[in-house]
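So the structure is just underneath, and the comments pick up after that.
The values are calculated or read from the model by the stated rules, or taken from the named source; none is laboratory data. Please read all numbers here as calculations on a predicted model, not as lab measurements. Glycine gets a Cβ as well: all are built from the backbone with ideal geometry, and neighbour counts include every protein chain shown. For accessibility, only protein heavy atoms count, side chains too; no ligands or nucleic acids. Shrake-Rupley method; radii C 1.70, N 1.55, O 1.52, S 1.80 Å.
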Amino acid sequence: MKNLIICLLALMPISMLAGDYVDDINSSTIARPSGQQVVYEMNVGAFTPEGTFSAARQKLDDLKALGVDIVWLMPIYPRGTSGSPYAATNFQQTNPKYGTIDDLKSFVTRAHALNMEVWLDWVPNHTATNADWVTTHPEYYAKSGGQMIHPNNYGDVWQLDYNNAGLVNAMNDCLKFWIDQCDIDGYRCDYVSSTRIPVSYWQTTIPLIKQYKTDKNITFLGEADIAQDVTRLKTAGFDYDYAWQFQGNLANYGSAGNASARLKAFANTLLDASKNVDFGRMLYVTNHDQNFNDGGKTLTKMYGSNRYPLTVFAYTLYGMPLIYNGQETGGNQILDYFADTKIDWSTKDAKMCNTIRTLTALKHAIPALDNSTPVEWVTVTNNSSVLAYTRKSGDSQVLVLLNMATSDSNATLTGLDAGDWSLWLNSETIAQGTGRKQQTFGATQPFTIEAKGYRVFVKGNYSEEEPPVPEAYTPVLESDDEISIFFETPVSSSYSAWVWGNLGGGEAYCTNTSWPGDAMTFMGQTATGANIYKYTIKKVNETPQYLIISKDNGNTKIYDGVDFVNHGYYVEGNGIPTQVISASSGIEETFLMSHPSNGHIFTISGQMVDNKQILRPGIYIQNGRKFIIK
């Protein structure tokens, strides 16, 4: 029975084992108003190893703990010959690899029980070239010289014809179908900028679908920058658009940007364009287009170390934030959604994950972060790399501080509301966990903030909570045949590894075949606070000969061409491996600590644990043995 309980606990979502004030806020069953919602873009086929609705349903509790209010499912329809989810063969069926319509309905039912909405990705402009309608309703398609046409030179799809009343009725029936069958809550509408879909269609269809069920609200998100680009759609009736130009500006800022004035200009352009629209706007740093379509760009490749403060910027500036499929792991995986590349959930970026879930908690709990709250820029003296702004709604106020410089910065802020403030998000400690700390500010206040650092303060008095004390990470190999390197450095940054040898190039060992190779994974800290990064190469029949470790996604090389030693351990400032890590014993011992009668007394890393104490869940390593506390 004990072993059965342990096995069941091992299958429990992380959200059920964690517990801090951020979890308490995000896991609340209170439905959030539209101005305080967060949307998550999920590719069902990539989200779990199984790639099914049923498996994804089991992880909805984790999304709830992350702070997700809306799950936008990328297209769930049967696919054409190209494998693109945006080339559907039938709009009233599900991809059989994902499961049945009943499986989708169960997914939606569970999401609703958690007070999360589910939106479907709708593809109104075209179908696959082998879609059912091609033979059953060829009149639904636009033609030139009697031949169906490919929109935008997309050779795997045919253009639909919205001058055909039968097509319009059929598409509207499909929209109603998913509301009837699965109780879905909204649609993300693909390629609405297509000139082949008249504005009048949306002006008729959106009210029709919204009024279809009197007891249900249906939301429409249009895939276009309607406020700044496709302005003819301003009267179409969409509830949200994409802040596409804003994301493009952030991508242009990239990994080398360090001037706060540029970010401020991007923000002002966004805010000015958003003043005179009657719809909300979705802000994001990445999605499936940036991650895969645009040449394959991970967060690190696009933004380097800027990915952390720019995430804070997008979350706290304006609008509804988007989390892309697996972004909480660090966003350093290219996901081919044609092939449903699986998210590697073993990759962990505690700093990114804890930053995101704290930002969602702020979005949920602090009225000043409602979509409609204006931004007020705070004067920063003597530092051109530090950006500061407040947002205030009644008695609610937040202060956001970003340092885009590559070094620690001192800055003085003037014009603050003097008094008590609570620090909710601190980039220096967020990797180890959430915390809150009270501080008192004057109207003029000096700050010191680390390179690429960020702080979010909330006006008022809140309980103080210290971040959990991190367990010292002990480098360990998970198997006898693992080939890994560990890199120890006092500097928290973005590190990549390029490994090569007799096979003829770095591509023989790196998943990312373009410089600078693969991102190293932050594993934890030593007892003295140094950061440890790890990189595991693809399994090959030889040990590689050389490696380069680079910093900040560029040509700043920590080590270049040094001999690679299997299981080597490198310390910054020393060009040779200082340790050889032995493989683990392969023994994992799991203990259930919550039952007073289990009687276990044992020692882990010098800590005595007995049945009167509850140890925070985690993994503890001692002498090569791994102890998992549930």
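After finding the eigenvalues of the alpha carbon gyration tensor for segment 324-413, what semi-axes result from the square roots of 5 times each, listed largest first in whole Å?
The equivalent ellipsoid of segment 324-413 has semi-axes of 32, 20, 11 Å.
List the relative contact order of the chain as a percent without decimals, with contacts defined as Cα pairs under 8 Å and 6+ residues apart.
Averaging sequence separation for qualifying contacts and normalising by length gives 10 percent for the chain.
State, to one decimal in nm², a quarter of the convex hull surface area for the C-alpha atoms of segment 398-538, i.e. the direction-averaged projected area.
10.9 nm²
Using a 1.4 Å probe on the protein heavy atoms, what percent of the accessible area of the chain belongs to carbon and sulfur? The partial results should precede the final answer.
Details: 12450 of 25460 Å².
After summing per-atom areas, the C and S share lands at 49 percent.
Can you check what the net charge comes to around LEU359, using other residues whose Cβ is under 15 Å from the Cβ of LEU359 (Lys, Arg +1; Asp, Glu -1)?
Taking every other residue near LEU359 into account, the sum is +2.
If I take R0 = 41 Å and measure r between the Cβ atoms of GLN245 and THR543 in this structure, what FRET efficiency does the formula 1/(1 + (r/R0)^6) give, to the nearest 0.05?
The calculated FRET efficiency here is 0.30.
Kindly express, to the nearest 10 degrees and within the range 0 to 90, the angle between helix 260-274's C-alpha long axis and the longest C-alpha principal axis of the chain.
30 degrees
Got a sec? Which residues in segment 289-309 would a label at SER514 touch, if it sits 7 Å along Cα→Cβ and we count backbone N under 13 Å?
Backbone N within reach: 290-303.
Compute the length gained on full extension between VAL565 and LEU114: take 0.36 nm times their separation in residues and subtract their Cα-Cα distance, giving the result in nm to one decimal.
Stretched out fully, the VAL565 to LEU114 stretch lengthens by 157.4 nm.
Using 0.36 nm times the number of residues separating ASP417 and GLN181, minus their current alpha carbon distance, what extension gain do you get?
79.8 nm
Say each of SER54 and ASP215 gets a label point 7 Å from the Cα, pointing the same way as Cα to Cβ; how far apart are those two points in nm?
Modelled inter-label distance: 3.0 nm.
Quick one: helix 350-365 against the long Cα principal axis of the chain, what's the angle to the nearest 10°, folded into 0 to 90?
Between the helix axis and the principal axis of the chain, the angle is about 60 degrees.
Enter the accessible area per residue of the chain (Å², integer; probe 1.4 Å; all protein chains in place).
On a per-residue basis, the chain sits at 40 Å².
Note the angle between two axes, namely the Cα long axis of helix 199-210 and the longest principal axis of the Cα atoms of the chain, as a number of degrees from 0 to 90, rounded to the nearest 10.
The two axes meet at around 70 degrees.
To the nearest 0.05, what FRET efficiency results for THR136 and SER82 with a Förster distance of 22 Å applied to their C-beta separation?
Computed FRET efficiency for THR136 and SER82 comes out at 0.60.
Residues with beta-carbon under 10 Å from that of ALA31, excluding ALA31: net charge, scoring Lys, Arg +1 and Asp, Glu -1?
Result for the neighbourhood of ALA31: -1.
Would you please report the Å³ per residue occupied by the convex hull of the alpha carbon atoms in the chain?
Dividing the Cα hull volume of the chain by its residue count gives 175 Å³.
Where in segment 247-267 does the label zone of VAL491 land, with the point 7 angstrom along Cα→C-beta and an amide N cut-off under 15 Å?
The answer is 256.
Have a look at the DSSP beta bridges in the chain and tell me what percent are antiparallel, nearest 5. Before the final figure, lay out the partial values.
Details: 77 of 111 bridges.
DSSP beta bridges in the chain are roughly 70 percent antiparallel.
For segment 158-293, I need the span (max minus min coordinate) of the C-alpha atoms along each principal axis, in Å, sorted largest to smallest.
53, 35, 27
Note the full-extension length gain between THR381 and THR269 as 0.36 nm times their separation in residues minus their Cα-Cα distance, in nm to one decimal.
Stretched fully, the THR381-THR269 segment lengthens by 38.0 nm.
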